[in-house]
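Following: one structure in structure tokens, then a few remarks.
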Amino acid sequence: MTAPLLDDFVRSSLPPIDLSAARLSQLTTSVFAEIDRTPVGRPEFRPTAMFWQCLRGAFPRYAIPMVLAAIFGGLLGASLPQADKTVSQTPLSTLLTASAPSQPLGF
Amino acid sequence: MVHKGNHLSEDDAARSSEIEPDDDALLVGTAAGDRRAFQRLMERHSRAMLALSQRVVGNTHDADEVVQEAFLKVWTKAPQWQIDGKAKFSTWLYRVVLNASLDRLRRTPLAPLEDAGDIVDPTPNGLDRALATQRQKVLARAMTALPPRQQAALSLHYFGDVSGPQAAEILQLSLSACEALLARGKRGLRKSLAALGVTGLGDML
């Protein structure tokens with residue numbers, strides 16, 4: 001079958017379609033009836049969905065990775081060998097006392 | 001008075017055509033729950049959608065259901081519609097109706113071709129209608145043997161009242177890719193029809 005013959009065949013197979021005002025009106029009526037019958041008219045109010053939506057709004061998507069990174073960093077820091085702790089540190093008050101002159105200078 | 005009245009009505013008609021809102025404006029109204037805007041949107045597009053769907057699915061009942069579901073989707077999704085000038089509402093609606101119609105056609109079991117029925121109405125119009133019905137059954141069978149994208153391209157070309165560029169937009173293809181797809185579809189349809197014993201118009205007489 002050549003291309004024009006194919007086109008003729010397809011076009012000859014198209015039945016007349018009723019697009020009367022009555023049919024269109026019926027369609028409109030059915031759509032509105034369906035809207036009134038079911039809650040598809042608007043997005044439903046679902047408390048659980050609203051809760052998660054609010055939670056997502058309050059915590060941006062990068063907040064959780066940042067918190068996890070902070071916890072991981074803290075744990076890593078705590079697990080490192082802490083050499084400074086072995087050195088006895090002189091309290092600051094002791095140093096001040098020790099360095100202070102027992103008597104006023106010049107006497 | 002009559003003359004003046006006619007002038008007034010013409011003026012009114014001109015004014016109303018000037019302020020006739022476009023699809024985007026009607027969608028904004030629909031999103032806000034304005035039923036008149038939604039009804040106007042339906043009135044504007046339902047003819048083309050019913051014609052496309054009925055030619056794809058082959059019967060009034062399924063076409064009505066498909067178009068009804070599409071408009072319900074419009075009502076539900078209207079608040080999410082982004083008016084940025086990039087997407088045309090009619091393109092989106094065509095895509096929704098076409099895909100739903102092709103899905104419906106694939107799901108519907110096709111009756112054996114032998115059951116197409118005898119021609120009971122001997123008048124010329126009756127004969128034409130009966131032949132068209134038989135050809136439509138054969139065509140539907142041949143179309144369902146094709147890959148979905150080719151079916152979509154052929155459906156828009158033969159059944160949709162759209163231009164080539166608009167068809168490409170509906171199928172989300174470039175114009176050249178859409179034309180290539182259509183050419184492949186026509187080749188496939190010819191083979192598919194030949195496999196059913198149809199090689200010309202005379203085979204269905």
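The values are calculated or read from the model by the stated rules, or taken from the named source; none is laboratory data. Since this is a predicted model, take the numbers as computed values, not measurements. We place every Cβ from the backbone using ideal geometry, glycine too, and count neighbours over all the protein chains shown.
Worth a mention:
- Residue in segment A:42-49 that is in a helix (DSSP H, G or I), at pLDDT 70 or above and either of a type in the set (Val, Ile, Thr) or farther than 30 Å from B:Ser53 by Cα (or both) present: no
- Total residues in segment B:139-177, condition in a helix (DSSP H, G or I) and within 24 Å of B:Leu50 (Cβ to Cβ): 25
- On inspection, B:Ala116 does not qualify as farther than 23 Å from A:Ile17 by Cβ and either modelled with pLDDT under 90 or among the aliphatic types (A, V, I, L, M) (or both).
- Positions within segment B:57-87 being of a type in the set (Val, Ile, Thr), touching a Leu at 6+ places or on another chain (Cβ under 8 Å) and surrounded by fewer than 19 Cβ atoms within 10 Å (Cβ to Cβ), in sequence order: B:Ile83
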